[in-house]
Amino acid sequence: MFTTFSCLTRVPIAFYVKTPSLWDDKVMPLLLETGKEVVAVGRALGFSEEDLPSNAAEVGIAFCVEMTKDWDVNVNHKVGTQLDLEAGRPFEVEAIVGEVVRLAKKVGVLVPR
(Lines give C-alpha, C1' and ligand atoms only; values in the text may rest on other atoms or scores of the structure.)
Protein backbone atom coordinates (compact mmCIF):
# COMPACT_ATOMS: atom_id res chain seq x y z
CA MET A 1 0.00 0.00 0.00
CA PHE A 2 2.93 2.35 0.61
CA THR A 3 4.33 1.77 -2.85
CA THR A 4 0.98 2.44 -4.45
CA PHE A 5 0.45 5.61 -2.43
CA SER A 6 3.91 6.90 -3.33
CA CYS A 7 3.23 6.23 -7.01
CA LEU A 8 -0.16 7.92 -6.94
CA THR A 9 1.16 11.04 -5.25
CA ARG A 10 4.74 10.99 -6.61
CA VAL A 11 5.92 11.73 -3.07
CA PRO A 12 8.21 9.47 -1.02
CA ILE A 13 6.38 7.90 1.93
CA ALA A 14 9.00 9.20 4.39
CA PHE A 15 7.82 12.74 3.62
CA TYR A 16 4.35 11.87 4.87
CA VAL A 17 5.61 10.03 7.94
CA LYS A 18 7.76 13.05 8.84
CA THR A 19 4.90 15.53 8.29
CA PRO A 20 2.50 14.87 11.18
CA SER A 21 -0.30 17.10 9.89
CA LEU A 22 -0.47 15.00 6.71
CA TRP A 23 0.38 11.62 8.24
CA ASP A 24 -1.91 11.72 11.27
CA ASP A 25 -4.92 13.35 9.64
CA LYS A 26 -4.89 12.07 6.08
CA VAL A 27 -2.33 9.53 4.95
CA MET A 28 -2.22 7.06 7.84
CA PRO A 29 -6.04 6.74 8.06
CA LEU A 30 -6.22 6.14 4.30
CA LEU A 31 -3.47 3.52 4.40
CA LEU A 32 -5.09 1.89 7.41
CA GLU A 33 -8.45 1.59 5.66
CA THR A 34 -6.78 0.27 2.52
CA GLY A 35 -4.93 -2.34 4.56
CA LYS A 36 -8.15 -3.37 6.28
CA GLU A 37 -9.77 -3.85 2.88
CA VAL A 38 -6.93 -6.18 1.87
CA VAL A 39 -7.42 -8.16 5.08
CA ALA A 40 -11.18 -8.37 4.38
CA VAL A 41 -10.45 -9.78 0.92
CA GLY A 42 -8.03 -12.26 2.47
CA ARG A 43 -10.64 -13.41 4.98
CA ALA A 44 -13.21 -13.87 2.22
CA LEU A 45 -10.64 -15.95 0.34
CA GLY A 46 -10.25 -18.19 3.38
CA PHE A 47 -7.02 -16.95 4.95
CA SER A 48 -7.00 -17.69 8.65
CA GLU A 49 -6.13 -15.29 11.47
CA GLU A 50 -2.84 -17.14 11.80
CA ASP A 51 -2.00 -16.67 8.12
CA LEU A 52 -3.28 -13.10 7.87
CA PRO A 53 -3.68 -11.39 11.24
CA SER A 54 -6.53 -8.90 11.64
CA ASN A 55 -3.98 -6.28 12.64
CA ALA A 56 -1.82 -6.75 9.53
CA ALA A 57 -2.54 -3.18 8.37
CA GLU A 58 -1.52 -1.72 11.70
CA VAL A 59 1.62 -3.86 11.81
CA GLY A 60 2.56 -2.80 8.27
CA ILE A 61 2.09 0.87 9.08
CA ALA A 62 4.10 0.56 12.28
CA PHE A 63 6.90 -1.13 10.32
CA CYS A 64 6.94 1.72 7.78
CA VAL A 65 7.06 4.35 10.51
CA GLU A 66 9.87 2.51 12.29
CA MET A 67 11.80 2.00 9.07
CA THR A 68 11.64 5.68 8.11
CA LYS A 69 11.98 7.26 11.57
CA ASP A 70 15.65 8.13 11.13
CA TRP A 71 15.42 9.19 7.50
CA ASP A 72 16.05 12.80 6.65
CA VAL A 73 12.85 14.09 5.06
CA ASN A 74 14.99 16.04 2.60
CA VAL A 75 16.60 12.86 1.32
CA ASN A 76 14.54 11.88 -1.66
CA HIS A 77 14.38 8.12 -0.96
CA LYS A 78 11.88 6.56 -3.32
CA VAL A 79 10.62 3.02 -3.65
CA GLY A 80 11.63 1.15 -6.79
CA THR A 81 8.13 1.24 -8.20
CA GLN A 82 8.05 5.03 -7.96
CA LEU A 83 11.44 5.22 -9.70
CA ASP A 84 10.13 2.94 -12.47
CA LEU A 85 7.05 5.11 -12.88
CA GLU A 86 9.04 8.33 -13.09
CA ALA A 87 11.42 6.77 -15.62
CA GLY A 88 8.55 5.56 -17.81
CA ARG A 89 9.33 1.89 -17.19
CA PRO A 90 6.66 -0.74 -16.58
CA PHE A 91 5.83 -1.15 -12.92
CA GLU A 92 3.79 -3.55 -10.84
CA VAL A 93 1.18 -1.37 -9.15
CA GLU A 94 -1.63 -2.54 -11.42
CA ALA A 95 -0.66 -6.14 -10.88
CA ILE A 96 -0.70 -5.71 -7.10
CA VAL A 97 -3.71 -3.43 -6.65
CA GLY A 98 -5.55 -4.82 -9.65
CA GLU A 99 -5.25 -8.34 -8.32
CA VAL A 100 -6.71 -7.33 -4.96
CA VAL A 101 -9.65 -5.70 -6.76
CA ARG A 102 -10.14 -8.73 -9.04
CA LEU A 103 -10.05 -11.14 -6.09
CA ALA A 104 -12.42 -8.90 -4.10
CA LYS A 105 -14.91 -8.96 -6.94
CA LYS A 106 -14.61 -12.75 -7.17
CA VAL A 107 -15.49 -13.19 -3.47
CA GLY A 108 -18.04 -10.38 -3.26
CA VAL A 109 -16.07 -7.87 -1.18
CA LEU A 110 -16.60 -4.26 -2.20
CA VAL A 111 -13.31 -2.41 -2.68
CA PRO A 112 -12.47 0.34 -2.53
CA ARG A 113 -15.02 1.40 0.03
Selection count where residues are under 14 Å from Ser6 (Cα atoms) and in contact with an Asp or Glu (Cβ under 9 Å, 6 or more places away or on another chain), scope the range 55-79: 1
Qualifying positions in the range 68-113 - farther than 17 Å from Lys36 by Cβ, open to solvent by 90 Å² or more (accessible area, probe 1.4 Å) and part of a helix (DSSP H, G or I): Glu94, Arg102, Lys105, Lys106
Options Ser21, Ser48: the member that is assigned to a helix (DSSP H, G or I), loosely packed, with under 13 Cβ neighbours inside 10 Å and at pLDDT 85 or above: Ser21
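One line per residue, one yes/no per condition, for (1) at pLDDT 90 or above; (2) outside any helix (DSSP H, G or I); (3) closer than 15 Å to Met67 by Cα; (4) out of contact with any Pro (no Cβ under 7 Å at 6 or more places or on another chain):
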| residue | (1), (2), (3), (4) |
| --- | --- |
| Thr3 | no, no, yes, yes |
| Val11 | no, yes, no, yes |
| Ala14 | no, no, yes, yes |
| Leu30 | yes, no, no, yes |
| Glu37 | yes, no, no, no |
| Ala40 | yes, no, no, yes |
| Arg43 | yes, no, no, yes |
Residues located in the range 30-45, provided they are open to solvent by 50 Å² or more (accessible area, probe 1.4 Å) and without any contact (Cβ under 8 Å) to a residue 60 or more places away in the chain: Leu30, Lys36, Arg43
Close pairs (6 angstrom Cβ cut-off, 6 or more residues apart or separate chains): touching a residue at least 12 places away in the same chain (Cβ under 8 Å) in the range 101-113, of a type in the set (A, V, I, L, M, F, W, C) and outside any helix (DSSP H, G or I) anywhere: Ala104/Val111; Val107/Leu45
Residue in the range 7-28 that is in contact with a Leu (Cβ under 6 Å, 6 or more places away or on another chain), closer than 23 Å to Val93 by Cα and not polar (S, T, N, Q) present: yes
Residue selected from the range 51-67 under the condition touching a residue at least 12 places away in the same chain (Cβ under 8 Å), of a type outside the set (Val, Ile, Thr) and not in a loop (DSSP other than H, G, I, E, B), by the criterion surrounded by the fewest Cβ atoms within 10 Å (Cβ to Cβ): Glu58
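The values are calculated or read from the model by the stated rules, or taken from the named source; none is laboratory data. Quantities reported herein were computed from a predicted structural model and do not represent experimental measurements. Positions of Cβ are generated from backbone atoms using ideal geometry, with glycine treated the same way; all protein chains shown enter the neighbour counts. For accessibility, only protein heavy atoms count, side chains too; no ligands or nucleic acids. Shrake-Rupley method; radii C 1.70, N 1.55, O 1.52, S 1.80 Å.
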